[in-house]
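Below is one structure, written out as structure tokens; comments come after it.
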Amino acid sequence: MRQITLAHPADYEGWRTAARALAAAQIPPAEVAFTVAGTADLFAARDTPAPAPTRALTVPKAFLDLAQTIVCHRDPERFALLYAALTRLQHTRALLDDAADPLVHRLNTLAKAVRRDIHKMRAFVRFRELPEADGSRFVAWFEPDHHIVRANTPFFARRFTAMRWSILTPELCAHWDGENASFTPGAVRADAPDGDPLEATWATYYASTFNPARLKVNAMTKEMPRKYWKNMPETALVPALIAGAQARMTAMIDASAPSPSALRAPPPRGEDRSSPLGGGGGEDGGGGVAAPTTLAHLRTQAATCTRCPLYVPATQTVFGEGPADARLVFVGEQPGDQEDLAGHPFVGPAGQVFDRALAQAGIDRSRTYITNAVKHFKFEPRGKRRIHAKPGTSEIDACRWWLDQERAVLKPLITVALGATAARSLTGRTVTISRERGRPFALADGSEAWITVHPSFLLRIEDKAAADEEFARFVADLAAIRDRVGELAAQ
Ligand code: URA
């Protein structure tokens, strides 16, 4: 028996070098045992160097890709299975095409589990800011099912290049200092920081917006297994909330029993968080959002936001910009291609139309705060191009928290929704712009909101006369908003 000891549990290079030499020397799989350094049985055979290759070996690239994934699996047989497949590939080139072959089926199952774990890590890692003497480090705790930390590190290094971060796991910790990745032995949960004050605010917010009537535990568990819940600010509270859901449901039903005054009132608006000049009072109205820190702190925190999957392909978080004393806040939909690359809102074609309209309405952009309902660019790749894709309600809802935090710091006199996505984010409901533009709304916090079209709508109008007419209407909306800010400021 030949024993091959690999340097670490996902040592693809070590396995590849040894397996190539063994297969080239036609050593049968039954005569090879793979172990990982530090886990070898003390009574097992001594390490045997792989023999010198006796012939050239060719291996399909698809197999090497598969092997690179499978070495990350926790299955102790993974290296042996891969070696068995490698030897069979020498006489059956199309082996991997035979999905019904028991070995191929097993390899595919292992690879699928690893890919899923890699995906889960990208989706469920939550960074917490840890102040250090020379700046901040962002630290996350994660418990993967497989040995995926090394394989996933390049992704996080690419995605959060400009920050210093650590991902702690029980088996291995990955660190990024802005230039290089390094690894240290595993850690325990207590080594990772707990939530900061901002996160406590998130917990309050989440608890107050949690709707027991919409609770679908099975669907939630399928998407986000329970083991991840405790590490994420948005789900750490879920077990307790589920436990209390039945009681809250009963209370909600009791509270919604028609009362004499309710029978005279307009029909309920479902999830509405606002009503035309009506005083708001939506789902989060009671819970309230505790005053957070500063815009700079929010911006830093948002840079590592992983609360929805849009952060994965996007270049960076595009946070709002403008002075902290801005009285007027504009909310767009989401950054576009150019904003995603530049890291600033409304700098692309829609931004240019917006700038022109602001100037014509007599609004100084530099005195306003400009942000988006969704802070990451959502797109579909088409060749080399990235085509804008509309954010879904789950993405809008996940990102709404940042917008609420920005507004809680700014306390603007007026918030303007540019288009339907921003209107949904601000009001919590689907809005028909043509019906609701040009008049104020009261938001849940008592401040005033206006709704108008999105500048990109103007870019899509092909007929020149119609485009000019719509542009003039947009400018008129902005001018009315400018006047109203003046009125409110004078009160
Ligand atoms: N469209 C938006 O909604 N926001 C931007 O920042 C750019 C284009």
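The values are calculated or read from the model by the stated rules, or taken from the named source; none is laboratory data. The structure presented is a predicted model; accordingly, all values stated were derived computationally and were not measured. Positions of Cβ are backbone-derived with ideal geometry, glycine not excepted, and every protein chain shown enters the neighbour counts. Just so you know, the surface numbers come from the protein's heavy atoms only, side chains and all, with ligands and any DNA or RNA stripped out. Shrake-Rupley method; radii C 1.70, N 1.55, O 1.52, S 1.80 Å.
Are any residues in the stretch 300-349 out of contact with any Asp or Glu (no Cβ under 7 Å at 6 or more places or on another chain), part of a loop (DSSP other than H, G, I, E, B), under 30 Å from residue 167 (Cβ atoms) and within 8 Å of the ligand (Cβ to nearest atom), and if so, which ones?
334, 335
Within the stretch 350-370, does at least one residue satisfy the condition of being away from the ligand (no atom under 15 Å from the Cβ), open to solvent by less than 10 Å² (accessible area, probe 1.4 Å) and either touching a residue at least 40 places away in the same chain (Cβ under 8 Å) or under 16 Å from residue 408 (Cα atoms) (or both)? Outline the logic, then answer.
Within the stretch 350-370, the first condition is being away from the ligand (no atom under 15 Å from the Cβ), and the residues that meet it are 359-364, 366-367.
Next, only the ones that are open to solvent by less than 10 Å² (accessible area, probe 1.4 Å) stay: 361.
With the extra rule that they be either touching a residue at least 40 places away in the same chain (Cβ under 8 Å) or under 16 Å from residue 408 (Cα atoms) (or both), the set shrinks to 361.
There is at least one residue in the stretch 350-370 that is away from the ligand (no atom under 15 Å from the Cβ), open to solvent by less than 10 Å² (accessible area, probe 1.4 Å) and either touching a residue at least 40 places away in the same chain (Cβ under 8 Å) or under 16 Å from residue 408 (Cα atoms) (or both).
Just checking, how many residues over the stretch 137-152 are open to solvent by 40 Å² or more (accessible area, probe 1.4 Å) and farther than 18 Å from residue 189 by Cα?
Selection size over the stretch 137-152: 2.
Please give the number of the condition residue 104 fails out of (1) under 24 Å from residue 227 (Cα atoms); (2) free of Cβ contacts under 8 Å to residues at least 60 places away in the same chain; (3) open to solvent by less than 70 Å² (accessible area, probe 1.4 Å).
Every condition holds for residue 104 apart from (1).
Run down 417, 449 and say which single residue is buried (at least 22 other Cβ atoms within 10 Å of the Cβ) and within 14 Å of the ligand (Cβ to nearest atom).
417
Would you check if residue 465 is small (Gly, Ala, Ser), closer than 21 Å to residue 346 by Cα and away from the ligand (no atom under 16 Å from the Cβ)?
It is false that residue 465 is small (Gly, Ala, Ser), closer than 21 Å to residue 346 by Cα and away from the ligand (no atom under 16 Å from the Cβ).
Out of 444, 423, 472, 466, I need the residue that is among the hydrophobic types (A, V, I, L, M, F, W, C), surrounded by 18 or more Cβ atoms within 10 Å (Cβ to Cβ) and modelled with pLDDT of 95 or more. Which one?
So the residue among 444, 423, 472, 466 that is among the hydrophobic types (A, V, I, L, M, F, W, C), surrounded by 18 or more Cβ atoms within 10 Å (Cβ to Cβ) and modelled with pLDDT of 95 or more is 423.
Working only within the stretch 338-381, note down all residues that are in contact with a Gly (Cβ under 6 Å, 6 or more places away or on another chain) and either among the hydroxyl-bearing types (Ser, Thr, Tyr) or modelled with pLDDT under 95 (or both).
Listed by number, the residues that qualify are 368, 369, 371.
Specify which of the listed residues (48, 35) is within 14 Å of residue 1 (Cα to Cα), surrounded by 12 or more Cβ atoms within 10 Å (Cβ to Cβ) and modelled with pLDDT under 85.
None of the others qualify; the one that does is 48.
Right, residue 408: touching a Cys at 6+ places or on another chain (Cβ under 9 Å), away from the ligand (no atom under 16 Å from the Cβ), touching a residue at least 40 places away in the same chain (Cβ under 8 Å) and in a helix (DSSP H, G or I) or not?
Against the criterion (touching a Cys at 6+ places or on another chain (Cβ under 9 Å), away from the ligand (no atom under 16 Å from the Cβ), touching a residue at least 40 places away in the same chain (Cβ under 8 Å) and in a helix (DSSP H, G or I)), residue 408 does not qualify.
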